[in-house]
1. Looking at segment 160-174, can you tell me whether even one residue there is farther than 15 Å from residue 93 by Cβ, out of contact with any Asp or Glu (no Cβ under 8 Å at 6 or more places or on another chain) and not in a loop (DSSP other than H, G, I, E, B)?
2. Considering only segment 176-224, state which residues are of a type in the set (A, V, I, L, M, F, W, C), over 30 Å from residue 164 (Cβ atoms) and modelled with pLDDT of 95 or more.
3. Anything in segment 400-426 that is surrounded by 24 or more Cβ atoms within 10 Å (Cβ to Cβ) and assigned to a loop (DSSP other than H, G, I, E, B)? List them, or say none.
4. Given the options 391, 387, 376, name the one that is surrounded by 24 or more Cβ atoms within 10 Å (Cβ to Cβ), in a loop (DSSP other than H, G, I, E, B) and within 16 Å of the chain's Cα centre (by Cα).
5. Looking at segment 289-307, is at least one residue assigned to a strand (DSSP E or B) and among the hydroxyl-bearing types (Ser, Thr, Tyr)?
6. Can you tell me how many residues within segment 43-85 are polar (S, T, N, Q) and either outside the structural domain of residue 410 (by TED's automatic domain parsing) or in a helix (DSSP H, G or I) (or both)?
7. Identify, from the list 349, 342, the residue that is surrounded by 16 or more Cβ atoms within 10 Å (Cβ to Cβ) and in contact with a helix residue (DSSP H, G or I) (Cβ under 7 Å, 6 or more places away or on another chain).
Amino acid sequence: MCYSRSTEVVPAKWRWPDEGRSLLGGEAMSRTVALRSLVEDARSRIVGFAELLLRTPSLSGHEEQVAQLVQSEMRALGYTWTRVDEAGNVIGRLAGGDGRTTLLHSHMDVVDPGEASRWRYGPFSGQMAEEYLWGRGSSDAKGALVAQVYAVGLLREAGLRPAGDVYVSAVVMEETAGLGTRHLLRWLRPDLAVIGEPSGNTLRRGHRGRLELVVTVRGRSAHASAPDQGLNPHFPMARFLLELLQMPMAPDPVFGSSSVTPTLAYVDQTSSNVIPAEVTVHLDWRAVPGETANDARGRLLEVLDRTIEPGIQVAVSIRERSLRTYTGLEEILDLNMPGFCLEADDARLLSAQAILEHALGRPVAVDVWTFSTDGGSLSAAGIPCIGFGPGEEEMAHVIDERIEIDQLLEATVGYMALALEMGRQN
């Protein structure tokens, strides 16, 4: 289906002088002004939509109300089509030229805000104060989602045709094993994805992967008054954890190294006068690109072999979670989110940097994320990913999460430029 230009009269200063020309050509300054003007004129709509989403709770598995709001806004903005898939992801498409397809990707779910009384304005207040929007999900990642939805919508309203088709995906359950994106990949395969996660409106070229491993040490239960009659699993587990501190981790020139951190620990007992039969520890393994789950599991088994005593049994597994989306889709997923990293001289990364610097009128740095994103799953599926989004990394998952309003608007300009231009790249 071909895109047809809107019949709406567009002010002359907003017109695209030549659809065949790149944003990086001689008309760059006037086109940059055009994009900024479009966003400034839509300021109240963008901020209002962000406030609305922030006032709508959307914990993982409970995104339905936000999904309805997102699809409704896409329709009002004139997207070529919108759909909600089986998992509950909302996808909108703007038809472009015959260039490559670009996906602007973010998520609708948020993490639990904790005790509301500890927040300055309330986690679901959507309060606008001190030049910020406050609330859970403002930086991670409803700010990016709002900017992406409006970036493509404003292009449509202004009659600006992207070089290739552009999709916007608002996925479910990113915070819980990335179920939404894993499902999305079953039917949508763009040529490039722009991951909308907090980066302070600078570029990200990758991140380490996240793998959750479960280590269980099994001994023999006994009464605590007769320890010789049992095999206390606490001691071999303690030796294992101390050995883990000394274990060399895989080096990486970009990320430094992988890391492993014990998080949860529990036993199969609730009585304090009983030696448990088994102890279980969860490990958060941050893997460098190229490091697999089998690599991590094998290294842990090597350490366990050195620390266990006769009669003790051990098991190492990747944690699995049974998940249910708001649409009723049920899946069991392993908690294995791969990492990714584009080369520093990757042509797509450098093109995105040049496009953004022209559009935003300032230098745009390139770095890597400390946390993991859906970019790992997309990259593992063969889709090159770059990261760009409003909000600061340190605002993710914290009390008093907030996003600077000017940064939200600037991100909208950036996404507009990327949507217009990235389809031209080889």
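1. There is no residue in segment 160-174 that is farther than 15 Å from residue 93 by Cβ, out of contact with any Asp or Glu (no Cβ under 8 Å at 6 or more places or on another chain) and not in a loop (DSSP other than H, G, I, E, B).
2. Initially, segment 176-224 is screened for residues of a type in the set (A, V, I, L, M, F, W, C), giving 177, 179, 184-185, 187-188, 192-195, 203, 211, 213-215, 217, 222, 224.
Okay, now just the ones that are also over 30 Å from residue 164 (Cβ atoms), so 177, 211, 213-215, 217, 222, 224.
Answer for segment 176-224, where residues must be of a type in the set (A, V, I, L, M, F, W, C), over 30 Å from residue 164 (Cβ atoms) and modelled with pLDDT of 95 or more: 211, 213, 214, 215, 217, 222, 224.
3. Within segment 400-426, just 401 meets the criteria.
4. Values: 387 fails: in a loop (DSSP other than H, G, I, E, B); 376 fails: in a loop (DSSP other than H, G, I, E, B).
Result of the check over 391, 387, 376: 391.
5. Initially, segment 289-307 is screened for residues assigned to a strand (DSSP E or B), giving none.
Scanning segment 289-307, I find no residue that is assigned to a strand (DSSP E or B) and among the hydroxyl-bearing types (Ser, Thr, Tyr), so the answer is no.
6. Here is the first cut: in segment 43-85, the ones polar (S, T, N, Q) are 44, 56, 58, 60, 65, 68, 71-72, 80, 82.
Of the ones still in play, those that are also either outside the structural domain of residue 410 (by TED's automatic domain parsing) or in a helix (DSSP H, G or I) (or both) are 44, 65, 68, 71-72.
Summing the residues that are polar (S, T, N, Q) and either outside the structural domain of residue 410 (by TED's automatic domain parsing) or in a helix (DSSP H, G or I) (or both) in segment 43-85 gives 5.
7. Working: 349 fails: in contact with a helix residue (DSSP H, G or I) (Cβ under 7 Å, 6 or more places away or on another chain).
Going through 349, 342 in turn, the sole match is 342.
Listed here are the residues, each with its yes/no results for (1) in a loop (DSSP other than H, G, I, E, B); (2) out of contact with any Leu (no Cβ under 9 Å at 6 or more places or on another chain).
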| site | (1), (2) |
| --- | --- |
| 199 | yes, yes |
| 213 | no, no |
| 235 | no, yes |
| 263 | no, no |
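The values are calculated or read from the model by the stated rules, or taken from the named source; none is laboratory data. The model shown is predicted, which means the values in this text are computed figures rather than measured ones. With ideal geometry, Cβ positions are generated from the backbone for all residues, glycine too; neighbour counts draw on all protein chains shown.
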